[in-house]
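See structure below.
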Amino acid sequence: MSVTFTTGEPETKLDRPLTSAMWRGARGKCPSCGKGHLFRAYLKVVDECDQCGTELHHQRADDVPAYITIVIVGHILVGLMLHLEMAWHVDPKMYLYTLVPAAVVLPLMMLPWVKGAAVGLQWALGMHGFGRSVDPGTGI
């Protein structure tokens, strides 16, 4: 799927692939080229791609990755708990020993994937400065 987005200036038109940009971001790669690294630390996005030079400092993922991760992990764990209770009776201590660690580990594993996809989405849609060129003289 490709998204065509105009930024307001008649001569600027973005034609960026949404699905592949989000997939590249989820893999931790640059949403533009798919070769450069997206993160320089656990969740810290690089300022620009080391392969193609795409500026990535415009991203404003903020809390969206955390919210999406909580929703996904919550559905997984609650579904698992409901299934276990309907299939057989489980001692509450077993939930404490298994699901509480899973509730900590799963979000930590998923956060980089979800944040990368969010950055890819912003890049593909031209959000937060990704769709326009910045004049170095004025910063606008």
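The values are calculated or read from the model by the stated rules, or taken from the named source; none is laboratory data. What you see is a predicted model; the values in this text were computed from it and never measured. So basically every Cβ, Gly included, is an ideal-geometry build from the backbone, and we count neighbours across all protein chains shown.
Can you pull out the residues in segment 22-37 that are modelled with pLDDT under 95 and in a helix (DSSP H, G or I)?
Hits for segment 22-37: nothing passes.
Do we find a residue being touching a Ser or Thr at 6+ places or on another chain (Cβ under 8 Å), more than 26 Å from CYS33 (Cα to Cα) and surrounded by 11 or more Cβ atoms within 10 Å (Cβ to Cβ) anywhere in segment 107-120?
Looking for residues that are touching a Ser or Thr at 6+ places or on another chain (Cβ under 8 Å), more than 26 Å from CYS33 (Cα to Cα) and surrounded by 11 or more Cβ atoms within 10 Å (Cβ to Cβ), one finds at least one in segment 107-120, hence yes.
Do we have MET110 as in contact (Cβ under 8 Å) with a residue 24 or more places away in the chain and hydrophobic (A, V, I, L, M, F, W, C) here?
When the stated conditions are applied, MET110 passes them.
Quick one: is LYS35 in contact with a Lys or Arg (Cβ under 7 Å, 6 or more places away or on another chain) and either exposed (fewer than 14 other Cβ atoms within 10 Å of the Cβ) or among the aliphatic types (A, V, I, L, M) (or both)?
For LYS35, the condition - in contact with a Lys or Arg (Cβ under 7 Å, 6 or more places away or on another chain) and either exposed (fewer than 14 other Cβ atoms within 10 Å of the Cβ) or among the aliphatic types (A, V, I, L, M) (or both) - is met.
Which of the residues belonging to segment 40-56 are buried (at least 16 other Cβ atoms within 10 Å of the Cβ) and in a loop (DSSP other than H, G, I, E, B)?
Within segment 40-56, VAL46, CYS49, THR54, LEU56 qualify.
Give me the pairs: first residue in segment 78-97 and of a type in the set (D, E, K, R), second residue surrounded by 10 or more Cβ atoms within 10 Å (Cβ to Cβ) and assigned to a helix (DSSP H, G or I), beta-carbon distance under 7 Å, and six or more apart or on different chains, which are they?
Every condition considered, no pair remains.
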